[in-house]
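Q: Pasting a structure below so you can have a look.
The values are calculated or read from the model by the stated rules, or taken from the named source; none is laboratory data. Please read these numbers as outputs of a predicted model, since none were measured by experiment. Here the Cβ is made from the backbone with ideal geometry for all residues, glycine too, and neighbour counts use every protein chain on show.
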C-alpha cells in the first residue's frame, strides 16, 4: 500500500477523523489567537474538558449497548450537588450517597433490559428524578466543594497543563478496561450482536447492569471534578452535559448502534467540544452561537462520515 | 377474561382520564372544595400547548421504534422569537407573524428530514443536533427581546368564556381533526403500517419515505404553532420557553396510551394526559410539596407508566 | 433428547449445548462485527481471560485457521465487520472447531460452503474428514450434492420437516439422491390442472426482468395472463428478482420493464406481510385504501365491502373480519394476504413462496383462485419451493446462485429437470 492509498483508505479516514477535527480546530485557535499557545492558555481553554470528558465516557458506556442516556446531565448535576453538600459536610454519608447513585444507575439498566423499555423515555423521566433530588439537596446554588477535590483539579504540573494529563489518563484507563480486557470485549460484543453473546452463554442482564453502573460511576466522577473547578454547585450546573456527552461520543467516532465506540476518540471528542467555546470567543462570535456551532460540527462530522461510508460501499 | 383484558388493554388511554379525575379530586378535597373550577380553567389553558406538540410527537413515535423528535423545544423557542420580533406587537402584522412562524416550522421539519434521509443519521441524533442549531439561532435572533405580542394574539390565547379558555376549545377541535386524520385517512393508516413494520408497509404499497417526511414536517410545524401561541399567552417569547416541552411532549404520548413500539397512536389520551400532568403539579403544589418533590414525582410517574405499558409490547 | 447417553434435564439452550461439546455454525453469522477476530474467539471461550488473553485467543484462532484454510490471509486483529463475507464464514467455521476447556464432540455445519469459493470449500471439506477421523462428529447440511456424496458417511434426506431417507452414503449415487428428494409425500400430490395448451406470446409482454446477478443477459419474461413459476432451491435469487420487479413497477430501468400496477403476496408472513395490530379487514384493505377515499377520508363501508367480498371468495374462516389478524390460523392469515393482493388494482401479482406452512385444503382453494384470476388477464410471478405448485404454471424459470439457469415450458416441466438444473455444478 502506498502512503497515498493508506491515507485515502476509508477505515483509516474514519479512525483519523476525530483527531483531525481536534487538530484543525486547535490550529485555527492558535492562528487566530497565538497567545493561546501557552501553558496558561491551554489550561484555561481546556479546564472544563475533564468533567465533560468524564460525562462523555459515561454516555459512551450506554451507547455501547445500543441505548441512549438523556439523563446524564441531570445526574452530573445531582452528584455535583451531593459533592458540594453531603460529601463536604460528612464524607461517609457523601460516599454512601454517591454509591447509591451508581447503584441506582445499574438498577435502571436492569429495568430497561428486564422490561425491554426504550432507554430514551426511561432516562428522560429519570432526568427529572435526578434534578428533583438535586434541588432538594441544594435548593439554591451554593455549597462548598471539598478541599481535596479542589486540590486535585487545581494541580499544577510542570510543562503539560493538568487537563491534558487528566484527559489522557481517563482515555487510557477506559481504553484498557473496555478495549483490552477479555470482559471488555464481551461487553462491546453485546452491542454488536447481542444474540451471539447470549448464545455463547453470557448474561445480557448482567452486561446491561455493568454498563449502566459504569456510566453512573463516571457520572459521579464528572460531577465531582466539576465542583473542583467551580468550587460551588447548582442543581442545573450540568444540564447541557447530556448534549455534550452524546456529541462527544459521536465526534470521537462512536456509532449509535452496533457497539462501535472508542474511549480515546470520545475523550478527544470532548476536548474538541470544549475548544469550540474558546474558538468562538477568539473569533469574537457571540456565545449565543456556541451550542449552534457544536451542533454544526456534529452535523459536519456526521456528513463526512456518511461520505466515507458511501466510499466503503 | 382475556377478551376483557384485551378490551381494557386497547383502551389504555382511559387511565390518563382516570388519573386526571383522581388527582383533581385529591386536590379539591385538600382545599375543601375551593378553587376546583379555577384549577380546571388553568389546566385547560396550559394543557392546550402540550396537546399541540404532543400530537406532533405522537405521530412521530407512532412511525416506529427509534423515531422521536427532540427538536420540539428549540423549534418552539425559535418560532416564538421570530414571530414576536417580526410583529413587534402590531396587530396589523399578525398574518406576517403567522407566516413566519409556520415558515420556521417548515424549515426545521425539512432540515430534520434531510439529516435523517440524506445523511442517514438516526432520527434521535438528527433532531438533537438540529435542535442545537435551532436554539442558537433563536438565542442569537431573540437576544434581549421582550416584545409584547400583538393584543389580538394575546387576547385570543387568554380569553375565557364562562371559565372555558377559547384556545382550549380550538385545540380540542384541532385534536378531533387530527384524530380523524390518524384513524380515517390514508396517511394515518400508513403511519400505523410503517410503525408496525416498515418493510411490510413498503411491500403493501405504502410510500414509507413520504410518510416519514410528512410526519417530521408535521411535528415541526406543530411545534412552531405552539411557540407562536405560547408567546402570545405568556406575554412575549422567552428563550427557554420550549424547555419543558421535551419531556412533556413525550410524556403525554406515553401516558396517553400510544404504543412506544409504534403502530398505535391515540389522540384522545394526549388531552387527558396533558391535563393530568398539569393537575399533578397543581396537586403537589397545594400539598405544599417543594419543587424537588414535584420534579421527582413527574419523573417517577413517567418511568412507572412506561414500565407498566412496556410489558405488553407486541412481539415481532 | 440425550447427549452422550445423559438426558438433558435443564432448559436446553445453545449455551448448554456448548458446555456439552456441541457447536453449531449457523447460516446467519453469530460473530460480533464490531470485534476483532481474536475477540470473537474469546466470546465462546470464557476461559480465555487474564493477562495475555488476547495473545492466546489470537494464537488459538490463527492456528485453527491455518489448519483448515492454509493461506487464508486473515489477521487476528482484523475487525470482523471489515472482512468479506467469505472470510467471515471462514472465521466462524474455524472458531467452531477451536478447543479450550471443554472437549469438542459434535460440530453442526449449516450450509458452510455457501459463501466460500471452490478452493476454500475444498479445504474445509478435507478438514471435516480429518477431524471426523480424529473423533469429532460432524453434521453437514448442504444443498451441494457433490459435497454430501463425497464427504459424508451417512446421508439423511429431509423434506418438509420430515426424514424421507436415511442410508449409508455409499448406497447413494447422484441420481438416487435426487430421486430420494423428489419422490415424496405421494398422498399430497395435487392433481395437475387441465393442461391449457396456449401459445406463448399471443398476449403482450408485461414483465421483463434480468436478475441482478445474471451474467448472460437472460431475462424473465411474463406475458399478460400467464402464470410464471420461479423455481430452484430456496433463496437462490428468486425473492430478489421479485423485489426487483416490485421496485420497477410502472417504470423501466436498465434491467427491468414492468407494465401495470404490482402487488406482492409475502411468504414470510410475520416479517413481510401481516400488520399484527390490525383487524383482518384492515390487513386486507391496506393495498386498496387509496382507491376508497371519499371526501379525504377512507370510506369504511367500501373497506368493509372489500373485506366481506374476499372473505366469501377466498373463504377466510373467521366469525368477524374485524377480529385481529393474529386470531386467524397461519393458512387463513395467508389467505388474507392473498385477498390483499387480489382485491387490489394490481394486474401483476408477485408471490414470494406464499404457501409455506399452509394446509393442503387452503392450497387447493388458492390454486383455483389463481387460475381463475389469470384467465381474467392477471399475470402471476410465482416463486415456489414446492415442486407440485409448478404444475400450475405456464412457464417456469429455474434459478441457481441468483441467475436463471433453465427455462421450462408447461410441457417440458418435470421434477427431475428442475432438480437437475438446481443442483447442476460448475465442474
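Q: Of the residues A:106, A:125, only one is assigned to a helix (DSSP H, G or I) and modelled with pLDDT under 95; which?
A: Details: A:106 fails: modelled with pLDDT under 95.
It is A:125.
Q: Another one. Testing residue C:283 on (1) within 12 Å of chain B (Cβ to nearest Cβ); (2) in a loop (DSSP other than H, G, I, E, B), one condition comes back false. Which one is that?
A: Unmet condition: (2).
Q: Residues being under 15 Å from residue A:218 (Cα atoms) and part of a helix (DSSP H, G or I): count how many of those fall in segment A:67-81.
A: 9
Q: Mind checking which helices (runs of 4 or more DSSP H) fall wholly inside segment C:292-381 and carry at least 3 residues that are touching a residue at least 24 places away in the same chain (Cβ under 8 Å) and within 23 Å of the chain's Cα centre (by Cα)? Give the derivation first.
A: Details: elements: C:300-314, C:330-342, C:360-375.
Hits in segment C:292-381: C:330-342, C:360-375.
Q: From the set of residues in segment A:191-205 that are within 16 Å of residue C:38 (Cα to Cα) and part of a helix (DSSP H, G or I), which is farthest from the other protein chains (Cβ to nearest Cβ)? Give the steps one after another, and end with the answer.
A: Here is the first cut: in segment A:191-205, the ones within 16 Å of residue C:38 (Cα to Cα) are A:192-193, A:196-197, A:200.
Now drop any that are not part of a helix (DSSP H, G or I), which leaves A:192, A:196-197.
Working: A:192: 4, A:196: 4, A:197: 6 Å.
Applying the filter and picking the extreme gives A:197.
Q: Restricting the first residue to segment A:222-236 and requiring it to be over 15 Å from residue A:141 (Cβ atoms), which pairs with a second residue that is at pLDDT below 95 and surrounded by fewer than 18 Cβ atoms within 10 Å (Cβ to Cβ) meet a Cβ separation below 7 Å and a spacing of at least six or different chains?
A: From residues that are over 15 Å from residue A:141 (Cβ atoms), the pairs are A:228/A:150; A:228/A:152.
Q: Here is a further query. Check whether at least one residue in segment B:39-58 is more than 20 Å from residue B:243 (Cα to Cα) and buried (at least 24 other Cβ atoms within 10 Å of the Cβ), and report yes or no.
A: Checked segment B:39-58: no residue is more than 20 Å from residue B:243 (Cα to Cα) and buried (at least 24 other Cβ atoms within 10 Å of the Cβ).
Q: For the list (1) within 29 Å of residue B:37 (Cβ to Cβ); (2) within 14 Å of chain A (Cβ to nearest Cβ); (3) surrounded by fewer than 22 Cβ atoms within 10 Å (Cβ to Cβ); (4) over 14 Å from the mean Cα position of the chain (by Cα), I need the number of the one condition that residue B:304 fails.
A: Residue B:304 satisfies every listed condition except (1).
Q: Of all residues in segment A:259-295, how many are under 16 Å from residue B:122 (Cα atoms) and surrounded by fewer than 22 Cβ atoms within 10 Å (Cβ to Cβ)?
A: Going through segment A:259-295 one residue at a time, the tally reaches 1.
Q: Would it be correct to say that residue B:168 is within 21 Å of residue B:217 (Cα to Cα), part of a helix (DSSP H, G or I) and more than 8 Å from every other protein chain (Cβ to nearest Cβ)? Step through it out loud before you land on a result.
A: On the way: within 21 Å of residue B:217 (Cα to Cα): no; part of a helix (DSSP H, G or I): yes; more than 8 Å from every other protein chain (Cβ to nearest Cβ): yes.
Spelling it out, it is not the case that residue B:168 is within 21 Å of residue B:217 (Cα to Cα), part of a helix (DSSP H, G or I) and more than 8 Å from every other protein chain (Cβ to nearest Cβ).
Q: Within segment A:123-130, identify whether any single residue is farther than 19 Å from residue A:75 by Cα and either surrounded by fewer than 23 Cβ atoms within 10 Å (Cβ to Cβ) or in contact (Cβ under 8 Å) with a residue 24 or more places away in the chain (or both), and answer yes or no.
A: First, pick out the residues of segment A:123-130 that are farther than 19 Å from residue A:75 by Cα: none.
Within segment A:123-130, not a single residue is farther than 19 Å from residue A:75 by Cα and either surrounded by fewer than 23 Cβ atoms within 10 Å (Cβ to Cβ) or in contact (Cβ under 8 Å) with a residue 24 or more places away in the chain (or both).
Q: Among the candidates A:158, A:141, A:91, which residue alone is out of contact with any helix residue (DSSP H, G or I) (no Cβ under 8 Å at 6 or more places or on another chain), within 30 Å of residue A:38 (Cβ to Cβ), surrounded by fewer than 22 Cβ atoms within 10 Å (Cβ to Cβ) and away from every other protein chain (no Cβ under 12 Å)? Reasoning before the result, please.
A: Details: A:141 fails: within 30 Å of residue A:38 (Cβ to Cβ); A:91 fails: within 30 Å of residue A:38 (Cβ to Cβ).
Going through A:158, A:141, A:91 in turn, just one is out of contact with any helix residue (DSSP H, G or I) (no Cβ under 8 Å at 6 or more places or on another chain), within 30 Å of residue A:38 (Cβ to Cβ), surrounded by fewer than 22 Cβ atoms within 10 Å (Cβ to Cβ) and away from every other protein chain (no Cβ under 12 Å): A:158.
Q: Determine which member of the set B:217, B:230, B:239 is in a helix (DSSP H, G or I) and either within 14 Å of another protein chain (Cβ to nearest Cβ) or closer than 27 Å to residue B:147 by Cβ (or both).
A: Values: B:217 fails: either within 14 Å of another protein chain (Cβ to nearest Cβ) or closer than 27 Å to residue B:147 by Cβ (or both); B:239 fails: in a helix (DSSP H, G or I).
Among B:217, B:230, B:239, only B:230 is in a helix (DSSP H, G or I) and either within 14 Å of another protein chain (Cβ to nearest Cβ) or closer than 27 Å to residue B:147 by Cβ (or both).
Q: Just one of the numbered conditions (1) touching a helix residue (DSSP H, G or I) at 6+ places or on another chain (Cβ under 6 Å); (2) at pLDDT below 90 is not true of residue B:148; which one?
A: The number of the failed condition is (1).
Q: Look at segment B:198-214 and say how many of its residues are over 26 Å from the mean Cα position of the chain (by Cα) and surrounded by fewer than 19 Cβ atoms within 10 Å (Cβ to Cβ).
A: Total meeting the criteria: 1.
Q: Follow-up. If residue B:257 satisfies all but one of (1) more than 8 Å from chain A (Cβ to nearest Cβ); (2) part of a helix (DSSP H, G or I), what's the number of the condition it fails?
A: (2)
Q: Further question: Condition first: crowded, with 24+ Cβ neighbours inside 10 Å and within 23 Å of residue A:259 (Cβ to Cβ). Now tell me which residues in segment A:210-240 satisfy that.
A: A:211, A:212, A:214, A:215, A:216, A:218, A:219, A:222
Q: Restricting attention to segment A:247-258, which residues are at pLDDT below 90 and either surrounded by fewer than 24 Cβ atoms within 10 Å (Cβ to Cβ) or in a helix (DSSP H, G or I) (or both)?
A: A:247, A:250, A:251, A:253, A:255, A:256, A:257, A:258
Q: With the structure loaded, tell me whether residue A:262 is more than 10 Å from every other protein chain (Cβ to nearest Cβ) and either more than 22 Å from residue A:13 (Cα to Cα) or in contact with a strand residue (DSSP E or B) (Cβ under 8 Å, 6 or more places away or on another chain) (or both) or whether it fails that test.
A: It is false that residue A:262 is more than 10 Å from every other protein chain (Cβ to nearest Cβ) and either more than 22 Å from residue A:13 (Cα to Cα) or in contact with a strand residue (DSSP E or B) (Cβ under 8 Å, 6 or more places away or on another chain) (or both).
Q: Here's another thing I want to ask about it. What is the residue count in segment B:184-201 for residues that are within 9 Å of chain C (Cβ to nearest Cβ) and part of a helix (DSSP H, G or I)? Write out each step before concluding.
A: Applying the first criterion (within 9 Å of chain C (Cβ to nearest Cβ)) to segment B:184-201 yields B:184-186, B:188-190, B:192-193, B:195-197, B:199-201.
Restricting the remaining residues to those that are part of a helix (DSSP H, G or I) gives B:184, B:186, B:188-190, B:192-193, B:195-196, B:199-201.
Count: 12.
Q: Based on this model, can you work out whether residue C:342 counts as over 25 Å from residue B:181 (Cβ atoms) and within 12 Å of chain B (Cβ to nearest Cβ)?
A: Values: over 25 Å from residue B:181 (Cβ atoms): yes; within 12 Å of chain B (Cβ to nearest Cβ): no.
The answer is no for residue C:342.
Q: Tell me which residues, restricted to segment A:154-174, are at pLDDT below 90 and closer than 15 Å to residue A:230 by Cβ.
A: A:154, the sole residue that qualifies.
Q: Could you tell me which numbered condition residue C:172 fails, if it satisfies all but one of (1) in contact with a helix residue (DSSP H, G or I) (Cβ under 7 Å, 6 or more places away or on another chain); (2) more than 30 Å from residue C:37 (Cβ to Cβ); (3) surrounded by fewer than 17 Cβ atoms within 10 Å (Cβ to Cβ)?
A: Only one criterion in (1) in contact with a helix residue (DSSP H, G or I) (Cβ under 7 Å, 6 or more places away or on another chain); (2) more than 30 Å from residue C:37 (Cβ to Cβ); (3) surrounded by fewer than 17 Cβ atoms within 10 Å (Cβ to Cβ) is unmet by residue C:172, namely (3).
Q: Given (1) exposed (fewer than 15 other Cβ atoms within 10 Å of the Cβ); (2) at positive phi, identify the lone condition not met by residue C:353.
A: If we test residue C:353 against (1) exposed (fewer than 15 other Cβ atoms within 10 Å of the Cβ); (2) at positive phi, just (1) comes out false.
Q: Here is a further query. Report whether or not residue B:139 is within 14 Å of chain A (Cβ to nearest Cβ), under 24 Å from residue B:96 (Cβ atoms), in contact with a helix residue (DSSP H, G or I) (Cβ under 6 Å, 6 or more places away or on another chain) and crowded, with 16+ Cβ neighbours inside 10 Å.
A: Working: within 14 Å of chain A (Cβ to nearest Cβ): yes; under 24 Å from residue B:96 (Cβ atoms): yes; in contact with a helix residue (DSSP H, G or I) (Cβ under 6 Å, 6 or more places away or on another chain): yes; crowded, with 16+ Cβ neighbours inside 10 Å: yes.
Against the criterion (within 14 Å of chain A (Cβ to nearest Cβ), under 24 Å from residue B:96 (Cβ atoms), in contact with a helix residue (DSSP H, G or I) (Cβ under 6 Å, 6 or more places away or on another chain) and crowded, with 16+ Cβ neighbours inside 10 Å), residue B:139 qualifies.
Q: Further, regarding this structure: I'd like the full set of residues that are in contact with a helix residue (DSSP H, G or I) (Cβ under 6 Å, 6 or more places away or on another chain) and either under 23 Å from residue A:222 (Cβ atoms) or in contact (Cβ under 8 Å) with a residue 12 or more places away in the chain (or both), limited to segment A:284-313.
A: A:290, A:291, A:293, A:294, A:295, A:298, A:301, A:308, A:311, A:312
Q: Can you spot a residue in segment A:272-293 that is out of contact with any strand residue (DSSP E or B) (no Cβ under 8 Å at 6 or more places or on another chain), under 26 Å from residue C:80 (Cα atoms) and at the interface with chain B (Cβ under 10 Å from one of its Cβ atoms)?
A: In the first step, residues of segment A:272-293 are kept if they are out of contact with any strand residue (DSSP E or B) (no Cβ under 8 Å at 6 or more places or on another chain); the result is A:272-293.
Now restrict to residues that are under 26 Å from residue C:80 (Cα atoms): none.
Among the residues of segment A:272-293, not one is out of contact with any strand residue (DSSP E or B) (no Cβ under 8 Å at 6 or more places or on another chain), under 26 Å from residue C:80 (Cα atoms) and at the interface with chain B (Cβ under 10 Å from one of its Cβ atoms), which makes the answer no.
Q: A follow-up question, please. Given the options A:207, A:308, name the one that is crowded, with 24+ Cβ neighbours inside 10 Å and more than 15 Å from the chain's Cα centre (by Cα). Write out each step before concluding.
A: Numbers: A:308 fails: crowded, with 24+ Cβ neighbours inside 10 Å.
Answer to the check: A:207.
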